[in-house]
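Notes follow once the structure below has been shown.
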Amino acid sequence: MQANRRELVAAFAALGLAPALCARVAAQGTSPAAPTGKAAPFSWDMLQSRAQALAGQSYRPQAKVEAAAAIGYDAVGTIRYRDDRTLAGGIRLFPLGRYAPNPVGIHIVENGRARTVPFSADLFTAEAGHAPPLGIAGFRAMTADGKSDWLAFQGASYFRTAGAQDQYGLSARGIAIDTGIDGREEFPAFTDFWIERTGAQAYTVHALLDGPSVTGAYRIASTKGTNGVEQRVSAVLFFRRDVERLGIAPATSMFWYGEGNRTSGSDWRPEIHDSDGLALLTGAGERLWRPLVNPPRPTLDSFADTNPRGFGLLQRDRAFDHYQDDGAFYDRRANLWVQPEGNWGRGQVMLYAFPTNSETVDNIVAFWNPADAPKAGQKRQFDYSLSWGSTDPTVVPAVAHTVDQWTGAAGRPGAEPIPGARKLVVDFVGPALTGLDRQSGVTAEIAVTRGKLLAQAAYPVVGQADRWRVTVDVAPEGQPGAGGPADVRLFLKRGARALSETVLAPVFLP
């Protein structure tokens, strides 16, 4: 599904995929700095019971404030939450707008009791000549100095953090339903939030999820530290109807072009992407790396596993000169690493991608898909942690990792290109390669599906310590493009010992 990226999180709220549990918009008037609603008991068990009861009811789309359609992206930026109304030591609210017209409920929790934050126009300030604020669309958590934010929830079940370098990038979702199935994807929404401050830069957010096929209770404990943001998530799901493709711990990102596909970009900047690869640590301990691409048509890759140890969308390339962007700072974008808790059983990590010609479109989604699809009436629980930082959790000294990947014409440089074939070049770096040369017996293990391996080579890069290069020429089998991209699986080895992670690279053949 395509959406303008600046408006992506809010745009999904505009789909109206959540029930109207209670009235969200009150008459305009004065509002104190603290919640004024009557305190009521609140607990995690109570929220789960509420989600279960909701699943037994017919789904009703969330009410939408029609007047919010007049407040476009630029106009909503003129509406600011008042600093002196900051809640729970650092929470400020987002206003409704064209791309976020569905009000949500905000509740502040202290000592096991919750107070509702009623909407009032004077929670916000609006510039003269612009539309007045109409309701609450979500919230964000401010840094200690109040100058920026590090956590935000707005639109459907989307949330994100600024990671370790105070730079937003990719987003997480509470859940994905039927992603990549034409015309069937759903975007369940967090309709109510219960926010409890648990530390100077720490909050536990409880959220009620609702959608046509599923309801859920979420507990998301978030802590900001010097190395980024850590979150522990508990998701208890109740299914109204069967779901064909369930997505757990989904991450949404953008990949327009990188060094491997510069021809996909029309911009002057060398690279533009929030993430450059999908990393996986399998239940068997294998480390996999799938470089992201901007495909010519939608693609869906599946990586089967049992009890995965971790997966996530990462931004490995952190050199400023590779992006030359001193506004968006793609070199600072956070990684998002998912670490399951408990046994998740059999399933697959899925990676869905579709074409984009703009940095304003999030075109990448990765998630865990359990092998046993949920049925109506079932309850499922998934616990996991999310790490938002700038370090790569998959890099270890014993295994070299991928740092660059290119594609181009097949054949020897300077000679005529091989018709209908492509060259893949992958560079590995790591202490595992220290001291090895062409006489050390290092080779590349390579397998190709939907294509034919024409030539291969593996050698140390001259003048670069601990860096090796693998080149692969691939030709299509049958009609070009008939079976999708060729999939190349490769890693460096010395005898029976693997020296590198395994790269799973798609090669789109002419």
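The values are calculated or read from the model by the stated rules, or taken from the named source; none is laboratory data. Just so you know, these numbers come straight off a predicted model, no measurement behind them. FYI the Cβ positions are ideal-geometry reconstructions off the backbone, even for glycines, and counts take in every protein chain you see.
Some values worked out for this structure:
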item: Members of segment 197-227 found to be farther than 19 Å from Thr143 by Cβ and either at pLDDT below 95 or of a type in the set (D, E, K, R) (or both), listed by number; result: Asp210, Arg219
item: Failed item, numbered, when Asp331 is tested on (1) of a type outside the set (Phe, Trp, Tyr); (2) part of a loop (DSSP other than H, G, I, E, B); (3) free of Cβ contacts under 8 Å to residues at least 24 places away in the same chain; result: (2)
item: Any pair with Cβ under 6 angstrom, 6 or more apart, that starts in segment 281-295 at a residue that is charged (D, E, K, R) and ends at one that is in a loop (DSSP other than H, G, I, E, B); result: Arg287/Thr394; Arg287/Glu501
item: Check on Asp305, assigned to a helix (DSSP H, G or I) and at pLDDT 95 or above; result: no
item: Residue match in segment 103-112 (condition: of a type in the set (D, E, K, R), in the same structural domain as Arg219 (by TED's automatic domain parsing) and either surrounded by 17 or more Cβ atoms within 10 Å (Cβ to Cβ) or in a loop (DSSP other than H, G, I, E, B) (or both)); result: no
item: Filter pass, Ala152 being of a type outside the set (Lys, Arg), more than 22 Å from Phe42 (Cβ to Cβ) and part of a strand (DSSP E or B); result: yes
item: Subset of segment 77-99 [within 23 Å of the chain's Cα centre (by Cα) and within 12 Å of Pro133 (Cβ to Cβ)]; result: Leu93, Phe94
item: Residues satisfying the stated conditions in segment 322-339, i.e. polar (S, T, N, Q) and crowded, with 20+ Cβ neighbours inside 10 Å; result: Asn335
item: One residue from Ala455, Ala498, Ala447 being surrounded by fewer than 21 Cβ atoms within 10 Å (Cβ to Cβ), touching a Ser or Thr at 6+ places or on another chain (Cβ under 8 Å) and among the hydrophobic types (A, V, I, L, M, F, W, C); result: Ala455
item: Residue match in segment 360-373 (condition: at positive phi, free of Cβ contacts under 8 Å to residues at least 40 places away in the same chain and not acidic (Asp, Glu)); result: no
item: Criterion: in a strand (DSSP E or B) and either at pLDDT 95 or above or not aromatic (Phe, Trp, Tyr) (or both) - qualifying residue of Gly247, Gly285; result: Gly247
item: Hey, Val9 within 16 Å of Phe190 (Cα to Cα), among the β-branched types (Val, Ile, Thr) and modelled with pLDDT under 65 or not; result: yes
item: Residue in segment 274-288 that is surrounded by fewer than 24 Cβ atoms within 10 Å (Cβ to Cβ), hydroxyl-bearing (Ser, Thr, Tyr) and in the same structural domain as Val361 (by TED's automatic domain parsing) present; result: yes
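Residues are listed down the side, and each one gets a yes or a no for (1) over 28 Å from Thr471 (Cβ atoms); (2) not hydroxyl-bearing (Ser, Thr, Tyr):
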| site | (1), (2) |
| --- | --- |
| Gly211 | yes, yes |
| Thr215 | yes, no |
| Gly225 | yes, yes |
| Gly228 | yes, yes |
| Ser275 | no, no |
| Leu292 | no, yes |
| Ala304 | yes, yes |
